[in-house]
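Data block below; observations after.
The values are calculated or read from the model by the stated rules, or taken from the named source; none is laboratory data. Here the structure is a predicted model, which means the values were calculated and not measured. Backbone-built Cβ (ideal geometry, glycine too); neighbour counts: all protein chains shown.
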Amino acid sequence: MDWWSDPCLVVNRGMRFEHGPEDVRAATELIGSGASPGDLTAVQSLTTAVQRSLKILPTAFGLGMPTTLSEILGRRGGNCVSFAVVATVVLRASGFPTRLISETVYTNVSLLRGFGGLARTPIGPLTNGHVWLEVRLGQDWIPVDAELGLTGTTTWLARRLASGVTLPALGLPVREHWKFPLRILRLGRDGQPFEDATAEYLIDAPAKKRGDGWRTPEVWSDGVEYFSRNFRWEGRSGLRILAQLPRLRRMSSAIEQFSPYLTP
């Protein structure tokens with residue numbers, strides 16, 4: 001069995017979600033299962049079922065989050081990792097290969113995440129971490145975000161670039177707006193990044209959606225390249241990124257120019 005088809009092992013960075021067939025059965029009993037591997041409709045149905053079945057639990061920087069599949073199912077919720085784990089399990093159990101995606105996202109200012117910037121992490125007052133997955137349909141891998149209820153590239157572009165998303169901050173009754181991703185990394189069998197997909201999602205996908213040889217504005221493309229290749233994400237980048245506010249504002253203005261082309 002290929003690692004991306006095994007529902008009993010899901011690894012996100014240093015977090016290993018290992019469980020038995022009984023836990024997989026419990027997940028499929030709660031969420032359901034897809035009848036037609038290769039069918040986008042079945043993937044959409046399962047993604048929506050995960051979003052509706054789980055809730056975002058109150059937390060700060062992941063503290064107190066469930067660390068096993070059985071705990072996620074027992075508490076009926078967690079954070080984005082929890083949603084991605086359950087979605088991965090039920091999709092793989094239904095015959096859909098998946099792989100996890102780790103993302104750093106640019107947000108509105110949040111004092112709640114200000115303390116995170118003091119740690120050696122990308123999380124800070126302007127940034128947050130997020131996890132979702134890709135599902136293989138035929139020869140293609142498509143984005144699926146169970147926490148946000150997104151399936152497919154068109155929907156992903158409309159919500160994550162054209163309009164952004166607003167959701168509870170850290171599970172608390174405070175809402176924050178996620179403007180656009182800054183870095184998108186595919187995770188491999190060991191849960192570590194093996195491929196940078198930032199340009200693929202933030203430059204290639206918008207251009208393909210528009211067509212006609214159109215290209216994203218240069219200020220946007222330059223910003224995407226900077227954050228995916230040149231910005232130093234190691235260490236306390238959650239605070240260090242504050243120095244990039246002028247660049248981030250220029251990118252925000254650029255999105256306004258091409259966001260109408262990204263809506264369905």
Determine if the range 92-108 includes at least one residue that is touching a strand residue (DSSP E or B) at 6+ places or on another chain (Cβ under 9 Å) and assigned to a helix (DSSP H, G or I). yes
State whether the residues of the range 244-258 include one that is among the hydrophobic types (A, V, I, L, M, F, W, C), within 14 Å of Thr127 (Cα to Cα) and touching a strand residue (DSSP E or B) at 6+ places or on another chain (Cβ under 7 Å). yes
Being surrounded by 20 or more Cβ atoms within 10 Å (Cβ to Cβ) and of a type outside the set (Ser, Thr, Tyr) narrows it down to one of Leu112, Leu167, Leu133, so name that one. Leu133
Inspect all residues belonging to the range 123-146 and state whether any of them is at pLDDT 95 or above, within 13 Å of the chain's Cα centre (by Cα), assigned to a loop (DSSP other than H, G, I, E, B) and not acidic (Asp, Glu). yes
Across the range 4-30, what is the number of residues that are assigned to a helix (DSSP H, G or I) and either in contact with an Asp or Glu (Cβ under 9 Å, 6 or more places away or on another chain) or surrounded by 15 or more Cβ atoms within 10 Å (Cβ to Cβ) (or both)? 7
Has the range 176-189 got at least one residue that is more than 18 Å from the chain's Cα centre (by Cα) and crowded, with 17+ Cβ neighbours inside 10 Å? no
Unmet criterion (only one of (1) on the phi < 0 side of the Ramachandran plot; (2) of a type in the set (Asp, Glu); (3) not in a helix (DSSP H, G or I)) for Asp222: (3)
Tell me which residues, restricted to the range 147-172, are hydroxyl-bearing (Ser, Thr, Tyr) and either in a helix (DSSP H, G or I) or out of contact with any Lys or Arg (no Cβ under 8 Å at 6 or more places or on another chain) (or both). Thr151, Thr153, Thr154, Thr155, Ser163
Just a yes or no: is a residue in the range 231-247 loosely packed, with under 14 Cβ neighbours inside 10 Å, closer than 30 Å to Leu91 by Cβ and either within 17 Å of the chain's Cα centre (by Cα) or modelled with pLDDT under 95 (or both)? no
Residues of the range 248-264 that turn out to be of a type outside the set (Val, Ile, Thr), over 29 Å from Ala119 (Cα atoms), crowded, with 16+ Cβ neighbours inside 10 Å and within 21 Å of the chain's Cα centre (by Cα), as a count: 2
If you check Pro193 against the conditions, is it touching a helix residue (DSSP H, G or I) at 6+ places or on another chain (Cβ under 7 Å) and either surrounded by fewer than 17 Cβ atoms within 10 Å (Cβ to Cβ) or in contact (Cβ under 8 Å) with a residue 40 or more places away in the chain (or both)? no
Given (1) under 16 Å from Ser252 (Cα atoms); (2) at pLDDT 95 or above; (3) part of a strand (DSSP E or B), number of the condition Arg186 does not satisfy: (1)
